[in-house]
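Peer 1: The structure that follows is given in the form of structure tokens.
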Amino acid sequence: MADSKMKFGLNHMVAPSLTPEELVDAAVQAGVAAIELRNDIGANSIVDIDVARRVGAKAKDRGLEVRTINALYPFNVWNDERARQTESLAKLAAACGATGLVMCPLNEGKMLEATPEKAAGLRTALKNLRAILGERGLKGFVEPLGFPVSSLRFKREAIDAIDDVGGADVLSLVHDTFHHCGAGEREFFAKRTGLVHISGLEDPAISFAEMLDGHRVLVGPKDRLGNVEQLKRLYADGFDGVVSFEPFAKQVHDLAQPIAAMRDSMAYVQKAVMGR
């Protein structure tokens, strides 16, 4: 990495009680480079075109990238409903000037076996997503989920499917440190990674096979997921993008000053990964 200053992002999951416009203010306060909006946090979800336009304009004025709207789910179950959902999210992304959409696979204990039908369905979905997003100048960020109940756990499977449909110009990976560890992955695809999500696990009583979103906290010295090691490997292999905080734990959301806590985590990660 030519510049030793990491490019951090603020996912709305850090502080879901904030409105989208308040999130922009928080991002400026935190000193991050980008924000990620969400469509799954109740009243503060980004679902309205006019709100999206206001948030996008405010972010641009403050020098922030709107990296994604998070998320299209389940992207790998392609049907008329998913097509309509993609079109709707694409319009919102365009309205707020987002770079693209995070896309998550079915995570309900179904489609777990590696069948020809499942492989074909993944490729059908990615082919259609490449067309819809590409026509609008948007990117798609495929996020394999490492849970045992996930229908797409491994980045290798996603990369192979993306390449089979010729989608690398539009589609890239989300490397989520939590899911990378949960899936027991060893492969890194730094140059095919468009976004990194980081969160920590500190509870010593939880195994990697048992951990859930609710266990995900900010990254600190007690982290068990190897965030620092994963990030060092990604940078060494050529990643140079946004590293976005995505803690789901209620204990983070309930903090009186979640953005201050995130700033502390940013400082820890920056020093641990970059040495400064």
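Peer 1: Can you list the aspartates and glutamates whose alpha carbon sits under 15 Å from that of Lys110, skipping same-chain ones fewer than 8 residues off?
Peer 2: Candidates past the 8-residue exclusion: nothing left.
Peer 1: Charges only on Cβ, +1 for Lys and Arg, -1 for Asp and Glu: so what's the dipole of the stretch 72-210 about the Cα centre, in debye to the nearest 20?
Peer 2: On the way: 16 positive and 19 negative charges, 94 e Å.
It comes to approximately 460 debye.
Peer 1: From zero outward in steps of 5 Å, how is the percent of C-alpha pairs of the stretch 190-276 spread across the bins?
Peer 2: 3, 14, 24, 24, 18, 12, 4, 0
Peer 1: Follow-up. Treating cross-link reach as a plain straight distance, find the lysines whose alpha-carbon is under 23 Å from the alpha-carbon of Lys7, omitting any fewer than eight places away in the same chain.
Peer 2: In chain and number order, the partners are Lys58, Lys60, Lys139, Lys155, Lys191, Lys222, Lys232, Lys271.
Peer 1: To continue, here is another question. Put +1 on the Cβ of every Lys and Arg and -1 on every Asp and Glu Cβ in the chain; which of Phe8, Leu171, Phe75 then has its Cα farthest towards the positive end of the dipole?
Peer 2: Value: Phe8.
Peer 1: Please give the FRET efficiency for Ala57 paired with Ser88, using the beta carbon to beta carbon distance and R0 = 25 Å, rounded to the nearest 0.05.
Peer 2: Using R0 = 25 Å, I get an efficiency of 0.75.
Peer 1: Heavy atoms only, probe 1.4 Å: what % of the accessible area of the chain goes to carbon and sulfur, would you let me know?
Peer 2: Numbers: 6030 of 11840 Å².
C and S atoms contribute 51 percent here.
Peer 1: Moving to a separate point now. Compute the distance in nm between two label points, each set 7 Å from the Cα along the Cα-to-Cβ direction, one at Asp213 and one at Thr124.
Peer 2: The answer from the label model is 2.6 nm.
Peer 1: Right, next: Taking 0.36 nm per intervening residue step and subtracting the Cα-Cα distance, what contour gain separates Lys271 from Ala131 on full extension?
Peer 2: Taking Lys271 through Ala131 to full extension adds about 46.3 nm, to one decimal.
Peer 1: If you don't mind, another one. I'm checking a number: the convex hull volume of the Cα atoms of the stretch 39-90, normalised per residue, in Å³. What is it?
Peer 2: Numbers: hull volume 4.3 nm³, N = 52.
Hull volume normalised by residue count: 84 Å³.
Peer 1: Averaging sequence separations of C-alpha pairs under 8 Å and six or more residues apart, then dividing by the length of the chain, give the relative contact order as a whole percent.
Peer 2: Numbers: 547 pairs, mean separation 53.6, N = 276.
Computed over the chain, the figure is 19 percent.
Peer 1: Evaluate the distance, in nm, between pseudo-label points positioned 7 Å from the Cα of Ala168 and of Thr19 along their respective Cα→Cβ axes.
Peer 2: 4.4
Peer 1: Then there's this: Which residues make up the longest stretch of the chain clear of GluC sites (Glu not before Pro) that lie in a DSSP loop with no more than 10 other Cβ atoms within 10 Å, not counting the sites?
Peer 2: Answer from the scan: 1-112.
Peer 1: Solvent-accessible area per residue for the stretch 198-272 at a 1.4 Å probe radius, Å²?
Peer 2: Numbers: 3490 Å² over 75 residues.
For the stretch 198-272, the solvent-accessible area averages 47 Å² per residue.
Peer 1: Per the helix-only calculation at 222 nm, which mean residue ellipticity applies to the chain, given -39500 (n - 2.57) for every DSSP H run of n ≥ 4 and division by its residues, nearest 500 deg cm²/dmol? Don't jump to the answer; show the numbers that get you there.
Peer 2: Details: 9 runs with 108 residues, N = 276.
That calculation yields -12000 deg cm²/dmol at 222 nm.
Peer 1: Oh, and also: In the stretch 60-155, with Lys and Arg counted as +1 and Asp and Glu as -1 at Cβ, which of these residues, Val142, Val66, Ala90, has the Cα nearest the positive end of the dipole, that is, farthest along it?
Peer 2: Final value for the positive-end residue is Val66.
Peer 1: Ok, one more. Using a 1.4 angstrom probe on the protein heavy atoms only, could you order Arg136, Arg216, Arg263 from most to least accessible area? The partial results should precede the final answer.
Peer 2: On the way: Arg136 90, Arg216 5, Arg263 110 Å².
Most to least solvent-accessible, the answer reads Arg263, Arg136, Arg216.
Peer 1: Mind putting a number on the dipole of the chain about its Cα centre? Charges go on the C-beta only, +1 for Lys and Arg and -1 for Asp and Glu, and I need it in Debye to the nearest 20.
Peer 2: 580
Peer 1: From Cα pairs below 8 angstrom and at least 6 apart in sequence, can you work out the relative contact order of the stretch 56-188, rounded to a whole percent?
Peer 2: Values: 228 pairs, mean separation 31.8, N = 133.
Here the relative contact order equals 24 percent.
Peer 1: Hey, got the dipole for the stretch 215-276? About the Cα centre, +1 on K and R Cβ, -1 on D and E Cβ, debye to the nearest 20? Walk me through the intermediate numbers first.
Peer 2: Details: 9 positive and 7 negative charges, 35 e Å.
The calculated dipole for the stretch 215-276 is roughly 160 debye.
Peer 1: Sticking with this one: Heavy atoms only, 1.4 Å probe, whole protein assembly: order Asp176, Asp264, Asp163 by accessible area, highest first. Before the final figure, lay out each step's value.
Peer 2: Values: Asp176 5, Asp264 110, Asp163 75 Å².
Solvent-accessible surface, decreasing: Asp264, Asp163, Asp176.
Peer 1: Quick one: accessible area per residue over the stretch 1-104, 1.4 Å probe, rounded to a whole number of Å²?
Peer 2: 41
Peer 1: Please compute the net charge surrounding Ser244, taking Lys and Arg as +1 and Asp and Glu as -1 over other residues with Cβ under 14 Å from its Cβ. Don't jump to the answer; show the numbers that get you there.
Peer 2: Details: positive: Lys7, Arg38, Arg67, Arg216; negative: Glu36, Glu65, Glu143, Asp176, Glu246.
So the environment of Ser244 carries a net charge of -1.
Peer 1: Let me ask something additional. Stretched out fully, how many nm does the piece from His253 to Ile49 gain, at 0.36 nm a residue minus the Cα gap? Don't skip to the end; give the middle numbers.
Peer 2: Numbers: separation 204, 0.36 × 204 = 73.44 nm, distance 2.62 nm.
Separation in residues times 0.36 nm, less the Cα-Cα distance, equals 70.8 nm.
The values are calculated or read from the model by the stated rules, or taken from the named source; none is laboratory data. In this text the structure is predicted, and so the values were computed from the model without any measurement. Note that we place each Cβ from the backbone using ideal geometry, even for glycine, and neighbour counts take in every protein chain shown. Side chains included, ligands, DNA and RNA excluded: accessible areas come from the protein's heavy atoms. Shrake-Rupley method; radii C 1.70, N 1.55, O 1.52, S 1.80 Å.
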